[in-house]
Amino acid sequence: MRSKTLVVMLFVAAVGATLLFRRPYNGEAGGSWTFRRYMDGLADFRDSVSAVLADTLEVRTACVGEGGTLGGLLFKTGVEGSRYLDCCDIFMDSLGWTSVRVGDTLESVYTRGRLSRVLGRPRNGRGCYSIDFDSTGTPVGWGWVPEENYRRLRAVVLEVESTVWESIAGNGVPGDLTPTGRVVTARDSVRRVAYIKNFENNLANKLFVYDIDFYYDVRPGDSIWVLLEEIRYPASNETSFGRIIAAKYVFSLGGMTEALPFFHAAEPPAPSGTVVLLDYYHGNGASLRTMFLKMPVPFGRISSPYSDARMHPVLGYTRVHRGIDYAAPMGTEIYAVGDGVITFRGWSGGYGNIVRIRHANGYETGYGHMSRFARGQEVGTHVRQGDVIGYVGSTGLSTGPHVHFEMKKNGAYVNPSSEIVPPADPLEGEELELFLAQLSVLEEIWNRMTGGNLPMSRGEEVSAEGE
Ligand SMILES: [Zn+2]
């Protein structure tokens, strides 16, 4: 219990701190900023040591002009002999700084007259390559030192008019990326495209890849609610896309899909108090990575497996059976095995009453021989994994109550039992409690950031499941 409280506190600290650090941003076009300071204890320590040594430090700087070389930079800042060769080796072979460009700079730091450090700064590189020397002039450590940055949370609401890309371009790009709201230079344009690409990729190809088909399911009037993290680089005055903390996709035809984070305290050797985002879940703790249920009925036995050839019991001749038959009592509920959209609902020859559903990633499923359909659904209705879509029957070419379950991928029949993705474990017990505790904090913050309009779905789900 204590550890649970602790982790919630850490989470509150991580998300809440961004709000406490709200302060006016004095720079480009208005608005207030929410910052989380990226604390690097080591850098702080180095800074204070540097301050003490300041009067004994000398820094020589050189900048690459047309036709400049790394060797030229080293030479200009007084790096010679074996240290010159060491620097060339380390920069090029170990650190991969193989070519310098106009605008790159090099700093050689001398402590009491001896070379102690060489810093290579690629222009717009958001950090620098660093090589440290001991008192004998031997290189003792090197690496990439990222530029100090800030993280901020931003709540974005996208109204879909045509494509997700268009809606991000219309509302999802931060103002400081395009200060006047228009693309000013080629560089702005490149940053803008990169930002939109990252945003769209995280949303469509990572978070909702199993839940939403972004080719078919997106309709004008849908809305997307995203809580995202942006990275701000004060030195270069730039903003870049960080990661999506949480997202909700609200369908205009009804229904909603959510991707909600589960945070956890990081294990050592991470600094204590570090919080990591473990994975994303639906509001009830089910993993986002669960694409299909194992079968479309709550209980049932396979009366006829998928096969390429068998004797058909009614027609009396050999015929492929491109599906799985689950025998179950008349009237048993039939579930949608995954999130999707109903594309057919009616009578279809030997299938009798059948419902067909289109899912993400080119999958379709069909459920035949139903005695009746679920109420309140029609072609175009979004169904969630586990929603009842009909009831077991024996309509069409059928010898007894069963559901004929079939699956297609990109238009071709596939064996459902080999296509069914094993579901990732849902959150349960203490973890589920912790997730829900974090979620109530997160949704409260998120709701405040959206002016109290955040769509919520968990209440309904919980009560529906409690019955
Ligand atoms: Zn069948």
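Numbers below:
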{"quantity": "Residues (more than 22 Å from residue 152 (Cβ to Cβ) and either modelled with pLDDT of 65 or more or surrounded by 13 or more Cβ atoms within 10 Å (Cβ to Cβ) (or both)) located in region 174-183", "calculated": "183"}
{"quantity": "Matching entry among 233, 280 (being under 22 Å from residue 450 (Cα atoms), of a type in the set (Ser, Thr, Tyr), touching a residue at least 60 places away in the same chain (Cβ under 8 Å) and surrounded by fewer than 21 Cβ atoms within 10 Å (Cβ to Cβ))", "calculated": "280"}
{"quantity": "Every residue from region 409-441 that is buried (at least 20 other Cβ atoms within 10 Å of the Cβ) and either away from the ligand (no atom under 16 Å from the Cβ) or at pLDDT 90 or above (or both)", "calculated": "427, 434, 435, 438, 439"}
{"quantity": "Any chance residue 378 is among the charged types (D, E, K, R), modelled with pLDDT of 90 or more and more than 16 Å from the ligand (Cβ to nearest atom)", "calculated": "yes"}
{"quantity": "Residue within region 135-146 that is closer than 30 Å to residue 441 by Cβ and either in the same structural domain as residue 381 (by TED's automatic domain parsing) or not basic (Lys, Arg) (or both) present", "calculated": "yes"}
{"quantity": "Residue among 66, 58 that alone is more than 30 Å from residue 230 (Cβ to Cβ) and either among the hydroxyl-bearing types (Ser, Thr, Tyr) or in a strand (DSSP E or B) (or both)", "calculated": "58"}
{"quantity": "Selection within region 381-399 - on the phi < 0 side of the Ramachandran plot, within 12 Å of the ligand (Cβ to nearest atom) and either touching a helix residue (DSSP H, G or I) at 6+ places or on another chain (Cβ under 7 Å) or not β-branched (Val, Ile, Thr) (or both)", "calculated": "394, 397, 398"}
{"quantity": "Residue match in region 119-132 (condition: surrounded by fewer than 20 Cβ atoms within 10 Å (Cβ to Cβ), of a type in the set (A, V, I, L, M), assigned to a strand (DSSP E or B) and at pLDDT 90 or above)", "calculated": "yes"}
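Listed here are the residues, each with its yes/no results for (1) outside the structural domain of residue 376 (by TED's automatic domain parsing); (2) modelled with pLDDT of 85 or more; (3) within 16 Å of the ligand (Cβ to nearest atom).
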site: 273; (1), (2), (3): yes, no, no
site: 279; (1), (2), (3): yes, no, no
site: 314; (1), (2), (3): no, no, yes
site: 322; (1), (2), (3): no, yes, yes
site: 326; (1), (2), (3): no, yes, yes
site: 333; (1), (2), (3): no, yes, no
site: 337; (1), (2), (3): no, yes, yes
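The values are calculated or read from the model by the stated rules, or taken from the named source; none is laboratory data. Fair warning: this is a prediction, and the values are worked out from it, not measured in the lab. Cβ: placed from backbone, ideal geometry, glycine included. Neighbour counts: every protein chain shown.
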